[in-house]
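Structure, as structure tokens:
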């Protein structure tokens, strides 16, 4: 791919706003999804040139690839250079899905146990998500769709009644019942377990079971994010027997879910193997016989593996590696929910003055970050991921247009026109955090702000973020949180333990609380719109810089792969290999 | 001899206690703890919940109590549970050990294979250009850090032969050929510096022996130079070399840390690095203690071997 192609593609992606590449597939999925859809924002007209995506919500039959030609006509922004895009090439050529085969996936980090309720890292999550199902899951648009849940009803603000599917078997042959659902949620919030995400469901007062397939959740107080959090892979439905037998669900032996693959073995730091579960409830799925999940911590060894045909699909982080591989392989470029950002420490002078933070926001040019750190392969982003249904377009943020004069005015008002020094910390664990630090350093010179960069080891950085707090700016990457509340409340409410910027604004607190308690979707939308705009232009506790893509070079025989922007590999259940 | 071994083992105990205290203290000095790492950046966790999690792992207790609890476990054969994977620490170590052992012994094998002949040649051809050549090459090998050499080797083999180091580890029992392909480059990278040390040791030891009177006697008897060197001189010259091999084998166990990272090998070196990154205290402590014990045992073995090789040496 040349840089010209890249430019065209970028401007294309930008012009379709948040309905970029990946989201169009999501639409297609929704079209086929039928009953599976919980929330459905009527934007179907814009969808569709990614025919291979099997709709994973249609459990009746494996979806046949749709015909591409019809859709292209409806898609004015995308037909120009489809041919230049490997991904589309590949998918146009798709035929009937074939069964069988082992896919070899090259992944970068070792899992840390397979207990879905305890794990917080993606390395574990991306393995156990094939083993367990959740009540709901997120599609390519970050809309919640049904999974184990057949339907649900909001009885009142605090009462939700769920009907679960009746045809679901665990890997050991046991039938899924409402009892398992009740047990799983109770396990997640059991204080004895001290699971890290107890916040999601901590407001559950009781779960009542009515028959085998109905359960009613009663909350202590209205808590709207609750339902979205049920769609995150950690909210898995597990088997009580296994917990009782093994004490926890960390080991391979204790993995017994309802998902499309069974976890068969794991050799520490080497590979995990997953085999297709024959009696999986999504009929006809999965196509693959086996997943060989290889841990290759070094990026160069993943690149070598795909070159030597020792892997079918690998993840590469370095944009330049992806560009080189694009000459030989199909490189799936996936828009994900990960965002690079700078946290501003609002506890310390001079950043305790909102005018100073606003000045910094006006002084930066996001395209500069995107070009320097990601070679152009990213998009400006706000406080929510681009694809999130609640996300406000970045065009609506005043501070997103660089305005040095305005920045200088604000600094003058605050009495800092002569400039000051800032201490920035970032970890080389993520190269882009450090390159962003350098870009920020050079951009802030324009308003006489001198940034000193200190590189910290990852664990030390986490400690500095939460406890030591000896920094003015901290660069970090954040990912998927399921609900607008997840992206805001924990970071910006003055009572929250994870309020890293240390911001304390009574009005903001009030809005965040309202957001939690408001169940009506339109009202919630308005609240979060206000929160996002005022966070960007008024309070500025963080500078969201960009949302980047992730690159997955794959062998040509791999079909049906896409990455759910929640950073999920669950499309492996729809993947098939050509002979 | 048994008494000697027993005495040496008893002497090792304070050393190991010392090491365990230092390691325990140092892991706690690194900012951030395992709970921070578990939560990562995005766990929605309140301060209270974080403190509860700490209490669950006993981090809320005073350091000396934490140490004593751990030490008590170790003495009774329980090295604790990995906070990262929830597996027992000894299981984690045992899982990685074959890789590290294979790497250590292959490196040593290559090092000895190259070093002893080179050392002998350098000694026999003392003063010649050959000796100067051997000496300078070994100096270079000694001065090159193994991770640098490893990276160079990867670059060289991939550029010239298009030969990439294998992406995933294969055990010897599964596929001996692939397994050896995986191990050859790291073994060379790791063995180079040691081979330099052994070469120099062999040379100087050999030179010294060659000047001895019994060698002159052997020559005077009319024995061929080959027999003089191999039968009479070499045997005696190798005794100090064995010390070096022993000590270096212990060092190698530590040296594998970086090489395992460079070559993507799942040994205890990688385990140590990952555990440090994740603040997995029980595993860090376990690995360091394990390496320390191995070091002590290898040194003891070398001393015992001494007595066997040189009957004049008696330990009483």
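Can you give the alpha-carbon Rg of the range B:182-316 over 2.2 N^0.38 Å, where N counts its residues?
1.41
Within 10 Å of each Cβ of A:296-304, how many other protein chain Cβ atoms are there on average?
Taking the mean over all residues of the peptide, I get 5.
Over the C-alpha atoms of the range A:165-209, what are the Rg and the largest Cα-to-Cα span, Dmax, in Å?
12.5, 33
For the protein assembly as shown, what is the mean residue ellipticity at 222 nm derived from helices alone (per DSSP H run of n ≥ 4: -39500 (n - 2.57); sum divided by total residues; nearest 500 deg cm²/dmol)?
Here the helix-only value at 222 nm equals -14500 deg cm²/dmol.
Quantify how strongly other chains surround peptide A:465-473 by giving the mean number of their Cβ atoms within 10 Å of each of its Cβ atoms.
Rounded to a whole number, the mean comes out at 2.
Rounded, prolate or oblate: pick one for the range A:102-202, where a ≥ b ≥ c are the square roots of the eigenvalues of its C-alpha gyration tensor, a/c under 1.5 means rounded, and failing that, prolate if a/b is larger than b/c, else oblate.
Prolate, since a/c reaches 1.5 and a/b exceeds b/c.
Per 10 Å bin from zero, what fraction in whole % of the C-alpha pairs of the range A:307-396 is there, up to the bin with the longest pair?
Per 10 Å bin, starting at zero, the Cα-Cα P(r) for the range A:307-396 comes out as 13, 33, 30, 16, 7, 2 percent.
Taking chain B as the reference, fit the longest principal axis to its C-alpha atoms, fit the long axis of helix B:63-75 to the helix C-alpha atoms, and give the angle between the two in degrees, 0 to 90, nearest 10.
The helix B:63-75 is inclined about 60 degrees to chain B.
Debye calculation, C-alpha points only, no solvent: report log10 I(q)/I(0) for the range B:1-84 at q = 0.11, 0.12, 0.15, 0.18 Å⁻¹, in the same order as the q values.
-0.43, -0.50, -0.69, -0.89
Shape of the protein assembly as shown from its Cα gyration tensor (a ≥ b ≥ c, root eigenvalues): rounded if a/c is under 1.5, otherwise prolate when a/b > b/c, or oblate?
prolate
Once you have a ≥ b ≥ c as the square roots of the Cα gyration tensor eigenvalues for the range A:336-549, tell me rounded if a/c is under 1.5, and otherwise prolate or oblate according to whether a/b is larger than b/c.
The shape class here is rounded.
Highest GNM mean-square fluctuation, chain B, Cα pairs closer than 10 Å: which of B:104, B:144, B:173?
Fluctuation is largest for B:173.
Per-residue Cβ counts within 10 Å, from other chains only, averaged over A:249-260: what number is that?
What the average comes to for A:249-260 is 1.
Give me the percent relative contact order of the range A:336-549, please, defined on Cα pairs under 8 angstrom at least 6 residues apart.
Worked out over the range A:336-549, it gives 37 percent.
Of all beta bridges DSSP finds with both residues in the range A:336-549, what is the antiparallel percent, to the nearest 5?
60
Express the C-alpha Rg of the range B:89-309 as a ratio against the empirical globular expectation 2.2 N^0.38 Å, rounded to two decimals.
1.16
With an 8 Å cut-off on Cα pairs and a minimum separation of 6 or more residues, tell me the relative contact order of the range B:89-309 in percent.
Computed over the range B:89-309, the figure is 30 percent.
As an exercise, use a Förster radius of 45 Å and the Cβ-Cβ distance of residue A:154 and residue B:10 to find the FRET efficiency, rounded to the nearest 0.05.
So the FRET efficiency works out to roughly 0.05.
Under a plain spin-label model, where a point goes 7 Å from the Cα along Cα-to-Cβ, how far apart in nm are residue B:21 and residue A:244?
Here the answer is 4.8 nm between the modelled labels.
When chain B is treated as a GNM, springs tying every alpha-carbon pair under 10 Å, which of B:174, B:90, B:303 comes out with the largest mean-square fluctuation?
B:174
Per residue Cα convex hull volume for the range A:266-316, in cubic angstrom?
Dividing the Cα hull volume of the range A:266-316 by its residue count gives 92 Å³.
Can you give the angle from 0 to 90° between the axis of helix B:129-143 and the longest principal axis of chain B, with both taken from C-alpha atoms, to the nearest 10?
With both axes taken from Cα atoms, the answer is about 10 degrees.
Once R0 is set to 25 Å, what does the formula 1/(1 + (r/R0)^6) return for the Cβ-Cβ distance between residue A:530 and residue A:347, expressed as a FRET efficiency to the nearest 0.05?
0.55
Taking a virtual spin label 7 Å from the Cα of residue A:298 along the C-beta vector, which residues in the range B:127-155 bring their backbone nitrogen under 20 Å of it?
B:144-155
Could you compute the FRET efficiency for residue A:507 and residue B:101, with r as their C-beta to C-beta distance and R0 at 60 Å, rounded to 0.05?
0.45
How far is helix B:2-29 tilted off the main Cα axis of chain B, in degrees rounded to 10, range 0 to 90?
The helix B:2-29 is inclined about 50 degrees to chain B.
Can you pull the one-decimal nm distance between simple spin-label points at residue A:98 and residue B:90, each 7 Å off the Cα toward Cβ?
5.0
Give me the distance in nm between label points sitting 7 Å out from Cα along the Cα-to-Cβ direction at residue B:63 and residue B:225, one decimal.
The modelled label-to-label distance comes out at 6.3 nm.
Rounded to the nearest whole Å³, what is the per residue volume of the convex hull around the Cα atoms of the range B:77-141?
Convex hull of Cα atoms, per residue: 119 Å³.
No value in this document is a laboratory result; all are computed from the given coordinates. Note that the coordinates shown come from a computational prediction; the quantities given were computed from them, not determined experimentally. A quick note on method: Cβ atoms are made from the backbone with ideal geometry, for glycine too, and the neighbour counts reach across all protein chains shown.
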